Amino acid sequence: MEDSYVMKVSSNGRVSVPAQVRARWKADRVLVVDLGDRLVMRPLPPDPVDALRGKYAGRGPSSEELRREARAEDTDRERCR
């Protein structure tokens, strides 16, 4: 379900987020992202760093694998000289 709201921007740039939206998202802070043709408001968790812990675990190569690849590329470059 998608709800739309028209909100007035005050002269000092403030916007009031409707109470039911704040309650639904349990948000007391939001991130505003300028995408060029639109703005997106995203709720921020109380601790944004803690919210990311484990989010990308197991995705992609490990940092050790990336370091190993970078060293191999450096070694190849040195050999070509």
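The values are calculated or read from the model by the stated rules, or taken from the named source; none is laboratory data. Note that the coordinates shown come from a computational prediction; the quantities given were computed from them, not determined experimentally. Note that each Cβ is placed from the backbone with ideal geometry, even for glycine, and that neighbours are counted across all protein chains shown. Surface accessibility is based on the protein's heavy atoms, side chains included, excluding ligands, DNA and RNA. Shrake-Rupley method; radii C 1.70, N 1.55, O 1.52, S 1.80 Å.
Can you work out which of the residues in the range 20-39 that are in contact with a strand residue (DSSP E or B) (Cβ under 7 Å, 6 or more places away or on another chain) and surrounded by 10 or more Cβ atoms within 10 Å (Cβ to Cβ) is farthest from V9 (Cα to Cα)?
Result: W25.
When both residues are 6+ apart or on different chains and their Cβ atoms are under 6 Å apart, which pairs have a first residue that lies in the range 26-45 and is under 17 Å from M7 (Cα atoms), and a second that is exposed (fewer than 10 other Cβ atoms within 10 Å of the Cβ)?
Partner pairs satisfying both residue conditions: L39/V32; M41/V32.
Based on this model, can you work out whether K8 counts as charged (D, E, K, R) and out of contact with any strand residue (DSSP E or B) (no Cβ under 9 Å at 6 or more places or on another chain)?
In short, yes.
Looking at V15 and the list (1) touching a strand residue (DSSP E or B) at 6+ places or on another chain (Cβ under 9 Å); (2) exposed (fewer than 10 other Cβ atoms within 10 Å of the Cβ), which single condition is not satisfied?
All conditions are met except number (2).
Hey, among R68, R79, R42, R53, which residue is open to solvent by 100 Å² or more (accessible area, probe 1.4 Å), modelled with pLDDT of 80 or more and touching a strand residue (DSSP E or B) at 6+ places or on another chain (Cβ under 8 Å)?
Every option except R42 fails the conditions.
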